[in-house]
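The values are calculated or read from the model by the stated rules, or taken from the named source; none is laboratory data. Bear in mind the structure is a predicted one, so any value in this text is a computation, not a measurement. Cβ atoms come from the backbone with ideal geometry, glycine included; neighbour counts cover every protein chain shown.
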Amino acid sequence: QQPVQSPQAVILREGEDAVINCSSSKALYSVHWYRQKHGEAPVFLMILLKGGEQKGHEKISASFNEKKQQSSLYLTASQLSYSGTYFCGTDRNTGTASKLTFGTGTRLQVTL
Amino acid sequence: GAVVSQHPSRVICKSGTSVKIECRSLDFQATTMFWYRQFPKQSLMLMATSNEGSKATYEQGVEKDKFLINHASLTLSTLTVTSAHPEDSSFYICSARLRGGLGEQFFGPGTRLTVL
């Protein structure tokens, strides 16, 4: 079953913050976050493994609550380049059985 | 690092013809590659998992005889859409999983297929 992301879409002014949530109905081993710009391939942002460790990537960070089967992506001081559609990818397995199920997506637009 | 190429980037073909799409990991080895399709404004849907030297594993509802996958080497996987029809028109994206990594996947630029 596809993970549900919220919000579906958000518009920010440059410099504002945003949180994107990803919720799964099944137990997860890891959560991956990607950003996709229109007509392009998704770009890997970060991966969070079972254990709830928060990770950071420049001004973008994320957390993973394995008990709640949820992950959140935090965008701080947003830049125009942050615009795009964000997808979480959830993985219930490890090793050779590992594969991602992508979430419903969140469209983010950053304006001046 | 972790660059994946995909060719062609765009293809238009007539109904009934077959189309082959190549996916290459340029600077790393990928024992596993994945093929997705994406309809406009929708999420990525996994079609199949391609393992080097073995048969691909298809997701439920994906016709293995229609979407032929070959993973001939640690850097190359191909997807052939056989007897393409207009409903096969879509954006096809491959990804490669970094060997020895934590499971992260790196995506190719995608192939826009239009079947007339």
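Going through the range A:1-11 one residue at a time, which ones are surrounded by fewer than 22 Cβ atoms within 10 Å (Cβ to Cβ) and at pLDDT 95 or above? Result: A:V4, A:S6, A:P7, A:Q8, A:A9, A:V10, A:I11.
Scanning the range B:91-114 for residues being outside any loop (DSSP other than H, G, I, E, B) and surrounded by 20 or more Cβ atoms within 10 Å (Cβ to Cβ) gives a total of 11.
Among the residues that make up the range B:55-67, is at least one of them on the phi < 0 side of the Ramachandran plot, touching a residue at least 24 places away in the same chain (Cβ under 8 Å) and more than 16 Å from the chain's Cα centre (by Cα)? The answer is no, given that none of the residues of the range B:55-67 is on the phi < 0 side of the Ramachandran plot, touching a residue at least 24 places away in the same chain (Cβ under 8 Å) and more than 16 Å from the chain's Cα centre (by Cα). The sole residue among B:A84, B:A72 that is assigned to a strand (DSSP E or B) and out of contact with any Phe, Trp or Tyr (no Cβ under 9 Å at 6 or more places or on another chain) is B:A72.
A:F64 - would you say it is assigned to a strand (DSSP E or B) and at the interface with another protein chain (Cβ under 9 Å from one of its Cβ atoms)? No.
Of all residues in the range B:37-49, which are within 17 Å of B:I69 (Cα to Cα) and within 8 Å of chain A (Cβ to nearest Cβ)? Once the filter is applied, which keeps residues that are within 17 Å of B:I69 (Cα to Cα) and within 8 Å of chain A (Cβ to nearest Cβ), the range B:37-49 yields B:M45, B:L46, B:T49. What is the residue count in the range A:76-112 for residues that are aliphatic (A, V, I, L, M), modelled with pLDDT under 95 and surrounded by 14 or more Cβ atoms within 10 Å (Cβ to Cβ)? Qualifying residue count for the region: 1. For the range A:44-56, filtered to residues that are at pLDDT below 70 and within 23 Å of A:K99 (Cβ to Cβ), the residue that is farthest from the other protein chains (Cβ to nearest Cβ) is A:G52.
Being more than 10 Å from every other protein chain (Cβ to nearest Cβ) and either closer than 29 Å to B:M47 by Cα or modelled with pLDDT of 95 or more (or both) is a property that holds for A:E14.
Restricting to the range A:98-112, name every residue that is of a type in the set (A, V, I, L, M, F, W, C), closer than 15 Å to B:M47 by Cα and either more than 9 Å from every other protein chain (Cβ to nearest Cβ) or not in a strand (DSSP E or B) (or both). Show your work before the answer.
Filtering the range A:98-112 for residues of a type in the set (A, V, I, L, M, F, W, C) gives A:100, A:102, A:108, A:110, A:112.
Okay, now just the ones that are also closer than 15 Å to B:M47 by Cα, so A:100, A:102.
Listed by number, the list holds a single entry, A:L100.
Of all residues in the range B:99-115, which are within 11 Å of another protein chain (Cβ to nearest Cβ) and either among the aromatic types (F, W, Y) or over 16 Å from the mean Cα position of the chain (by Cα) (or both)?
Residues satisfying the conditions are B:G101, B:L102, B:G103, B:E104, B:F106, B:F107.
If you check every pair at least six apart or on different chains, which have Cβ atoms under 6 Å apart with a residue in the range B:88-109 that is closer than 15 Å to A:F87 by Cβ first and a residue that is buried (at least 23 other Cβ atoms within 10 Å of the Cβ) and of a type in the set (S, T, Y) second? What qualifies is B:I93/B:Y36; B:Q105/B:S95; B:F107/B:S95.
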